[in-house]
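Engineer: Quick one: the structure is below, and I'll ask about it shortly.
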């Protein structure tokens, strides 16, 4: 299997200070078109992750004031990291085992080089499956599975048509 840095498009991390308000943090997420960000303390150390989920479940649901509530009060302080050269499946397992949707990505020197999400990993799965999806699409939608027919005397004879696809693609199409 491929490593995270080979498969996942790693975006640079954009930390926000833990002393910023939720209102500031939401504007930050929207401005950068992201759904989560790393949270840093005044020394620049990563101390948590702040996401849209935190806004909904920890701010809005609890009816906290976004203009006065600080990021540090609602951020997820459970930080799980994974090395950029690790197998993509290890990242998936870490997310599932720890009940998180984001992992901090580190390099050989244990410096933070990004933040990956479950969505990044799903997109990597789709990229790997691209070849198989193309085969399925070509076989199924190019009418290779439509039966052929011919007229004999006074009746129509329908003959099944077996496309020229490999076993794995055929099993997927039969499942559909």
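Engineer: Filter region 112-141 down to residues that are within 20 Å of residue 54 (Cα to Cα) and surrounded by fewer than 17 Cβ atoms within 10 Å (Cβ to Cβ) and give me whichever is modelled with the lowest pLDDT.
Structural biologist: Selected residue: 119.
One line per residue, one yes/no per condition, for (1) surrounded by 19 or more Cβ atoms within 10 Å (Cβ to Cβ); (2) touching a residue at least 40 places away in the same chain (Cβ under 8 Å); (3) assigned by TED's automatic domain parsing to the domain that holds residue 104:
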residue	(1), (2), (3)
9	no, yes, yes
14	no, no, yes
19	no, yes, yes
23	no, yes, yes
28	no, no, yes
31	no, no, yes
39	yes, no, yes
44	no, no, yes
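Engineer: For the subset of region 52-71 comprising residues that are in contact with a helix residue (DSSP H, G or I) (Cβ under 8 Å, 6 or more places away or on another chain) and within 24 Å of residue 122 (Cβ to Cβ), which member is surrounded by the most Cβ atoms within 10 Å (Cβ to Cβ)?
Structural biologist: Here the answer is 54.
Engineer: How many residues, within region 1-25, are within 24 Å of residue 63 (Cα to Cα) and touching a helix residue (DSSP H, G or I) at 6+ places or on another chain (Cβ under 6 Å)? Break it down stepwise before answering.
Structural biologist: The first filter runs over region 1-25 and keeps only residues within 24 Å of residue 63 (Cα to Cα), leaving 16-25.
Now drop any that are not touching a helix residue (DSSP H, G or I) at 6+ places or on another chain (Cβ under 6 Å), which leaves 16, 18, 20, 22, 25.
Number of matching residues: 5.
Engineer: If you don't mind, there's one more thing I want to ask. Of these, 100, 74, which one is assigned by TED's automatic domain parsing to the domain that holds residue 122, modelled with pLDDT under 95 and touching a helix residue (DSSP H, G or I) at 6+ places or on another chain (Cβ under 9 Å)? Lay out the reasoning, then the answer.
Structural biologist: On the way: 74 fails: modelled with pLDDT under 95.
So the residue among 100, 74 that is assigned by TED's automatic domain parsing to the domain that holds residue 122, modelled with pLDDT under 95 and touching a helix residue (DSSP H, G or I) at 6+ places or on another chain (Cβ under 9 Å) is 100.
Engineer: Turning to a different aspect of this structure: Please tell me if residue 10 is touching a strand residue (DSSP E or B) at 6+ places or on another chain (Cβ under 9 Å) and closer than 30 Å to residue 130 by Cβ.
Structural biologist: Yes: the conditions hold for residue 10.
Engineer: Let me confirm something: among 109, 89, which residue is in a helix (DSSP H, G or I), modelled with pLDDT under 95 and out of contact with any strand residue (DSSP E or B) (no Cβ under 8 Å at 6 or more places or on another chain)? Write out each step before concluding.
Structural biologist: Working: 109 fails: in a helix (DSSP H, G or I).
Testing whether each residue is in a helix (DSSP H, G or I), modelled with pLDDT under 95 and out of contact with any strand residue (DSSP E or B) (no Cβ under 8 Å at 6 or more places or on another chain) leaves just 89.
The values are calculated or read from the model by the stated rules, or taken from the named source; none is laboratory data. Just so we're clear, the structure is a prediction, and the values are computed from it rather than from any experiment. All Cβ positions, glycine included, derive from the backbone under ideal geometry; neighbour counts span all protein chains shown.
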